[in-house]
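The values are calculated or read from the model by the stated rules, or taken from the named source; none is laboratory data. This is a predicted model, so every value here is computed, not measured. Heads up, the Cβs are rebuilt from the backbone with ideal geometry, glycines too, and the neighbour counts pull from every protein chain shown. Ligands, DNA and RNA are stripped out before the accessible areas are found, and what is left, the full protein with its side chains, is counted by its heavy atoms. Shrake-Rupley method; radii C 1.70, N 1.55, O 1.52, S 1.80 Å.
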Amino acid sequence: MAVNRNFRTCPTTGLVFHEPAEKLMRWNAVVAVVALLIGGVLAIGVLLTRWQAVHLLQADLFYQFLTAHGLNMLVFWIIFFEMAILYFASSTLLRCRLATPGMAWVGFWLMVVGALLNNYAVLRGDSSVMFTSYAPMGAHPTFYAGLILFAVGALIACFVFFGTLVIAKAERTYHGSVPLVTFGAITAAIIAVFTIATGAIILIPTLLWSLGLIEHIDSLMYRTIWWGFGHSSQQINVAAHVSVWYAGAAVVFGAKPMSEKVSRTAFLLYIFFLQLASAHHLLADPGLTSNWKIFNTSYAMYLAVLASMVHGLTVPGSIEVAQRQKGFNNGLFEWLRKAPWGNAPFVAVFISIVGFGFLGGISGVMMGTEQLNLIIHNTLYVPGHFHATVVIGTTLAFMGLTYFLIPVLFRRKVAFGNMATWQAYIFGISMSGFSVFMMGAGTLGAPRRHWDISFAGNPFGYEFPATAWLMIALMGIFGVGALVGGAMYLAITVYSVFLGEKIQTPDFATVSAKRGMAPAPQPVAVGATGHGAGVGAWGMVAPGTFVLALVFLTSFVLYYFVNWKYLSTVWPLR
Amino acid sequence: MANTTESNVPGDDVLEEPVPAMQQLLDNPFLLLFIGIAVPTVLYTIWGVMEIVNLPIAK
Ligand code: HEM
Ligand SMILES: [Cu+2]
C-alpha cells in the first residue's frame, strides 16, 4: 500500500503537518466540540435544577440530564480533543508521518459510534445511572457497549501514537530526545492505556451482566476497578493539559522550559504515581483497609501532587524568564503586569494554571486525605473540586489551544475580534466562582447528585443552614456566567472554522517527502534561544514565580489545617 | 531560518558522551509504558482486589 507522505508547512508557525494526521486532528477536534455543545446544553438543565430557586426539571429528567452531561463532557469532549493532541504531539511536533492512518480512522469511527450508542442509551430513559454507572444499578446494554466501543477506539489511537514515535525514531525525524510537549503526551498516552484496559476489565463483565449472561457483579469490586478507570482518565487530562501549558508558554512567549530534566522527571512521577490516587474515591468504602487507602492516596499521591506543583511552578517560571529577557526585568512582577492580557491563548492558559492549582489542587489534596474526606464525601464539594480541575484546568486550556489551532489547522482567522479573550475571562472567572460556591455549599453538607435538597413533600427532611442555600444561589449565578462563556466559545469556534475569514497563503504547497525521509529539519518556530543570562532579582532567574509559589504553599497549608480543625468539630472526640 | 542551526545539531550517531541512565529511561516510551501499567496494576488493582477477595463472607 502506498504511504501518503504529503506534508504541509504552516506559513505562520513553521509547524509541519502530515496530510492524514491533519485531517484526523480536524475531525477529532470538530467532534469534540460537538460533544461540548451537547454537554453544555444539558448543563443548562442540570444547573437550573440544582439552583433551588429555579428548580427547572422533574426528578427523572434531572438524573437523565446529569448522566448525559457527565458523559458528554468528561468523556467525549475531553477524549476526542485529546486524540487530536496526541496526533499533534507525535506527527506534527516530531515532523513525522502518522503511523497507519487507516487504523487511526477505524479508531475514530469506533469512538464516534460508541459515543452515539451511549448517548442513545441515556436518551432512552432507562440508563440514568450517572457516568459512574455503579452496579447493581443497571443500564441498558447499549450504555456499556457504547463505552466499550469508544474505549477500544481510543486505545487504537494510543497505539497509532506509539507507532508514530517508533517511525519518527526509525526515520530520524528528530535528534536526541523528543520535545517536552511530546513527552507530556507520552505520559498522557501511557496513563490512557492503563485507563482503557481497566475500563475494559470492568465494563465487559458489566455488559454481560446487563445482558443476563452473568448473575452478579460485586458492588465493591465494581467500584474499585471502575475507579481505576474513572479516576485515571482524569489523569490523562492532567498530563494533557500540562503539556498544553508548556506548549502555550512556548507559543505565546517563546519560553523554554526552565529545566527539561526537572519537567521530565515530574512527568515521570505522574507515570509512577498519578493513577494510584484512584483510591481517593473509595476512602469512605468499607472493606478496603486503611493500609491500601492511605498508601495509594497519601504516600503515592503526594508524589504526584509534587509533580503537579513542579509543573505549576516551571511553566510560569519559564514565562517569567522569557519576559525578563524581553526587558520586563524590573521588580518582582513587571513580567506579569506586562504580560499579554489581551491574548486569548495566554489568558486561557494562565487562568487554567491558577485555577487548577489554587482551586482544584488544594481541594483535591484536602479531600484525598482519608480523615478529611469524611467532611465532604458525596457532597457538592466533589463536583466543585472537579469543575475546577477538569473545567478550569483542562477545558479552559483546551479552549486556549483551540484559538491557537484555528488559524494553524483550519487556516481561518479567529472570528469576532477580541471576543475570544473576553470568552477566556468570562468562562474562567465564572467557573472559578461556580466551583468555589459549590465547594462552599458542599462544606455545609449539601449533597451532590441531589434533585431537591428542600425535601419538599417528604416525610423525612433535613434543614440545611441558610448559608448553604445562599452558596447554591451564588453557584447558580456564576454557573449562568459560565454557560455564557461556554456559548461564546462555541460561537467563536464554530463560526471561525466554517465561516471565518480564510487566511491566504499564496505560495502554499503540499510537499511530498521521499520514502524514508521527513521534510528537512527546521528549528521549530517557537522557542527562544538560550536563557538565564543576566535576568532576575534576588539571585534568582524567576523570583516572582518563587513568591507566587510561597503564596500557594501558604494557602495550601492554611486550608489544610482549617479543615482538620473543622473535622474536630464535625466529629468531636469526647 | 532553516539553515542556521542545522549544522551544529549533532546527529544521534555522532554523540560522544554516553547517554545518562535516567535519560535512557526517559527516552524509552515502551519501558515507561510498562512501568505506567505495572505500578498501578500491582499497587492499586491487584492489592485492592486481593483485599476484597479475602473479606470473610457474612453468615
Ligand atoms: C458552563 C459549564 C458547566 C456548568 C454550568 C456545569 C454544571 C454542573 C452541575 C450543576 C452539575 C451537577 C452537580 C450535582 O448535582 O451533583 C454538574 C455535574 C457534572 N459536570 Fe458540569 N457543568 C459545566 C461544565 C462541565 C464541563 C466542561 C465538564 C467536563 C469537562 C463537566 C463535568 C461534569 C461532571 C463529570 C459532572 C458529574 C456528573 C455526576 O455526578 O454524575 N461539567 N455540572
Ligand atoms: Cu479522582
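What FRET efficiency would be calculated for the residue pair A:A466, A:S259, taking the C-beta separation as r and a Förster radius of 56 Å, to the nearest 0.05?
0.65
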Open item on the list: Which residue, A:A250, A:A307, A:V547, has the largest displacement toward the positive end of the dipole of the protein assembly as shown when charges sit on each Cβ (Lys, Arg +1; Asp, Glu -1)?
Closed with: A:A250
Task: Most to least packed among A:403-411, A:269-277 [average Cβ atoms within 10 Å] - done: A:269-277, A:403-411
TODO: Shielding by partners for B:27-38, please: the mean number of other protein chain Cβ atoms within 10 Å of each residue's Cβ.
DONE: 6
- [ ] Which order do the peptides A:380-393, A:211-224, A:553-566, A:489-502 take when ranked by the mean count of other beta-carbon atoms within 10 Å per residue, highest first?
- [x] A:380-393, A:489-502, A:211-224, A:553-566
Task: Estimated FRET transfer efficiency (A:Y120, B:L25; beta-carbon r; R0 51 Å; 0.05) - done: 0.70
- [ ] Can you tell me the 0 to 90 degree angle between the C-alpha axis of helix A:260-273 and the longest principal axis of chain A, rounded to 10?
- [x] 30
- [ ] Kindly state, to the nearest 0.05, the FRET efficiency for A:M103 paired with B:F34, given R0 = 22 Å and r defined as their beta-carbon distance.
- [x] 0.50
Task: Label-to-label distance, nm, for residues given as A:Y302 and A:Y560 (7 Å Cα→Cβ offset) - done: 0.7
TODO: For the protein assembly as shown, report the accessible area per residue in Å² (1.4 Å probe, heavy atoms, rounded to an integer).
DONE: 42
Open item on the list: Modelling each spin label as a point 7 Å along the Cα-to-Cβ direction, I'd like the A:A473/A:V547 distance in nm, to one decimal.
Closed with: 3.9
Open item on the list: Inside 10 Å of the C-beta atoms of A:189-198, what's the mean count of C-beta atoms belonging to other chains?
Closed with: 4
Task: Positions from region A:216-232 whose accessible area shrinks by 50 Å² or more when the full protein complex is built, not the chain alone, probe 1.4 Å - done: A:M221
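Total Å² of accessible surface buried at the A-B contact, 1.4 Å probe, nearest 100? Don't jump to the answer; show the numbers that get you there.
Working: alone 23920 and 5900 Å², together 26570 Å².
Buried area between the two chains comes out at roughly 3300 Å².
Of the heavy-atom accessible surface of the protein assembly as shown (probe 1.4 angstrom), what whole percent is carbon and sulfur?
70
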Open item on the list: Compute the angle between helix A:141-170 and the longest alpha-carbon principal axis of chain A, please, reported from 0 to 90 degrees and rounded to the nearest 10.
Closed with: 30
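Quick one: compute the contact order of chain A, relative version, from alpha carbon pairs under 8 angstrom and 6+ residues apart, as a percent.
Relative CO of chain A lands at 16 percent.
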Task: Sequence ranges A:282-291, B:35-44, ranked by mean other-Cβ count within 10 angstrom, highest first - done: B:35-44, A:282-291
- [ ] Please go through region A:171-211 and write out the chymotrypsin sites (Phe, Trp or Tyr not before Pro) that DSSP classes as loop and that have at most 13 other C-beta atoms within 10 Å.
- [x] none
Open item on the list: Taking the 0 to 90 degree range and rounding to the nearest ten, how far is the long axis of helix A:78-87 tilted relative to the main principal axis of chain A, both from C-alpha atoms?
Closed with: 20
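Considering only DSSP states other than H, G, I, E and B, which chymotrypsin sites (Phe, Trp or Tyr not before Pro) in region A:299-352 qualify as loop sites with at most 10 other Cβ atoms within 10 Å?
none
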- [ ] Just subtract the alpha-carbon distance of A:R26 and A:E370 from 0.36 nm times their residue separation and send over the number in nm, one decimal.
- [x] 119.6 nm
Open item on the list: Need the C-alpha centroid separation for region A:105-120 versus region A:218-286, integer Å.
Closed with: 25
Open item on the list: Give the lysines reachable from A:K326 as a straight Cα distance under 30 Å; neighbours fewer than 8 places away on the same chain don't count.
Closed with: A:K256, A:K261, A:K338, A:K413
- [ ] Work out the mean other chain Cβ neighbour count within 10 Å for the residues of A:166-179 and drop it here as an integer.
- [x] 2
TODO: Give, ordered by residue number, each residue of region A:267-293 whose 1.4 Å probe accessible area is reduced by a minimum of 50 Å² on adding the remaining protein chains to the chain alone.
DONE: A:L268, A:F272, A:L276, A:W292
